[in-house]
Every structure is written in C-alpha cells, then in structure tokens.
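Here's the structure we're looking at; comments come further down.
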Amino acid sequence: MKKVAAIGAASVAAVLALSGCASSAPATEESGAAASSDAPEGLISPSTVTFCIDPEYPPLEYYENGTDGEIIGFDADAARAIAAHWGLEATFEVTTFEGLQPGIQAARCDIIPGGLYMSETRLEVLDGVQYMQTGPALIVSAEDDTDYSEEADLCGLTISAQSGSENATIGEEIAAECGDGTSVDQYPKTADTVVAVVNGAAGALIETDVAAADIVSRSNGALRLVSGFFPPSTQFGMFLAKDSPLTEPLAEALQALYDDGTLAEIAEEYNLDPANLQVG
C-alpha cells in the first residue's frame, strides 16, 4: 500500500469545506404560527416542531454557505416537510453529533431528523422511525492502491470515524478482531475524520454510504470510495424520546410524505437514490 503524502493548506481547506462547523448555540427558524389542528400532542411548543440537528453532514444536513446561512440537505428539508404536514413550521436546535441524543433526552427538541443508524443500542433508549436503507462505506486515499475486499485487509491500519457513531463501533469491532497494530481514531466532526485520511494520520475512513460519495466527490481527487466493501446492512431513522407521544404521528407523517412523492423529490434534489427510501 502506498503511503499517503501530506497535502498543502489549500487542499486541507477544500476538504474542510465538506462540512460546516456546528455551533453550540441554537440556529432557529422562527414561527409565529398558532397551533394547528393537525399538530400532534406532545410537542415542546404547540406552534413549532423543534429538531435537534448537526449541520455538518452533507448531503443530509449542512449549512448552505458552508459555516452559516440556511440549514439545508435531505434531512433538513424532510424535517420542514414533516412540520408543514402538521400545519406547523420547523425550528432547528443546532448541536454537535454527540449532543443529538442528549438533546432529545433533555427535551430541548422533539425529533432528531436523521443521520443516525437504527441500531439496537440506540433503540433501547430512544424511539425510532425508519426512513432510508443505508450502511457503512469505506474511504481511503486515492494514492492507496490496495485491493480492499474483506475486513481483514484493514488490519494494521488506523481507522478514522466520527465519535459516538455506529461507524466508530464498527471500526472498534474490526480493530478488536485484528488485534495489536490496528486502532480507531475518533473525531467529533466529519471534516476531521476526512482530513485524517487525506493527511495520512489514518489509513481508512468508515462513513455512512449516503455521505461517502459526497465526501469523495468534494475531495479534489484526494480520496476514493471502496465500492461494495460493506453491505447496506442497516437503516437510517428519525429519533424521539423513548415512548414519545409523537412516535406514531411521525411514522404516519413520513408514510404520507413517502406515498405522495415528497420524500422522493427531496432525495433527487440532493442526488440521493429514491429507491433507498424505506419508511416503516
């Protein structure tokens, strides 16, 4: 395997542009609307739906201008569509990836709109409604000509992954199987996981497949996607507090938006395959 050379500052900046920097302060879309008769019971505010979101994960959720401006992406637009389905408007509570689950549990928001796997561990403490088939993907340096075909091929590498993610868990399981010489470096932001591979601090990145293609396309040729390394083995879900009164209304709203083609239109806008949408 070829060793990855360090890149210049300009290239690092380009890779960092993959994702905006999440802020600890909430970014909101204010609503002056009164409560709608279509709104479900149990919302934090009767006039809005509050979504916890980490807007540094294109094409699912990210800032329009890189680090500020409107929050866009499939999940963000789907969140707005859910709120509109209930006759309300969406408010976004911006947090880090690791702050999403605590945000729900502390009642700072009603729903996490996506970017999280429907893992057994997560479903033990949160309610989830599936909306997309997904799975992990493997990204390596474009200069790395290794023919990766099985997990044992990652033995001896440092694997990069976002902290608190299911991808990090997958990396840790691979490292445990490999034994000494294989490790996982976890970073709070997606951009940091990418730069680790570009600069040679890590030999591979495990990332969700819906984001992986976007990451590689924005890397100016520095990265390549290892096609088919992981099977599409899990689902993305929207999450709520355990036993939330909003769980069934959310499932009904997502089904309605799937049936009328709204979710497919949003997926196509962000170059996602509508065939991967699976609501239930």
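Dividing the convex hull volume of the alpha carbon atoms of the range 97-210 by its residue count, what do you get in Å³ per residue?
It is 114 Å³ per residue.
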| query | With θ set to phi - 60° and the Karplus curve 6.51 cos²θ - 1.76 cosθ + 1.60, what are the ³J(HN,Hα) couplings of the range 39-46 in order, to the nearest whole Hz, using x for Gly and Pro? | reply | 6, x, 7, x, 6, 4, 10, x
| request: Report, in deg cm²/dmol and to the nearest 500, the calculated mean residue ellipticity at 222 nm for the chain, where each DSSP H run with n ≥ 4 adds -39500 (n - 2.57) and the sum is divided by the residue count. | output: -8500 deg cm²/dmol
| message | Compute the distance from the alpha-carbon center of the range 101-137 to that of the range 217-252, in whole Å. | response | 9
| task | Find the eigenvalues of the gyration tensor of the Cα atoms of the range 43-85, then list the square roots of 5 times those eigenvalues as equivalent ellipsoid semi-axes, largest first, in whole angstrom. | result | 20, 11, 8
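Calculate the translational D of the range 149-273 in whole µm² s⁻¹ from Stokes-Einstein, where the hydrodynamic radius comes from the Kirkwood formula applied to all Cα pairs, the temperature is 25 °C and the viscosity 0.890 mPa s.
For these conditions, the coefficient is 147 µm²/s.
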| message | Taking the number of other C-beta atoms within 10 Å as the exposure measure, put LEU154, LEU60, LEU205 in order starting with the fewest. | response | LEU154, LEU60, LEU205
| note | ALA107 and ALA152 label points (each 7 Å along its Cα→Cβ direction) are spaced in nm at 5.4
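What's the whole-number percent of alpha carbon pairs in the range 91-133 lying beyond 13 angstrom?
53
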| Just the Cα atoms of the chain: what Rg and Dmax do they give in Å? | 18.9, 62
| Normalised alpha carbon radius of gyration of the range 49-153 [divisor 2.2 N^0.38 Å] | 1.27
| message | Run the simple label-point estimate for SER233 and GLU177 please: 7 Å along Cα→C-beta, distance reported in nm. | response | 0.7
| Pair GLU41, GLU269: separation of 7 Å Cα→Cβ label points (nm) | 3.3
| remark: Which residues qualify? For GLY115, with a placed amide H closer than 5 Å and at least 5 residues away or on another chain, they are GLY237
| Taking a quarter of the surface of the convex hull around the Cα atoms of the range 132-199, what do you get in nm²? | 5.1
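Only the coordinates and a few stated rules stand behind these numbers; no lab work does. Small disclaimer: the values here were computed from a predicted structure and weren't measured. Neighbour counts are summed over all protein chains in view; Cβ atoms, including those assigned to glycine, are modelled from backbone coordinates with ideal geometry.
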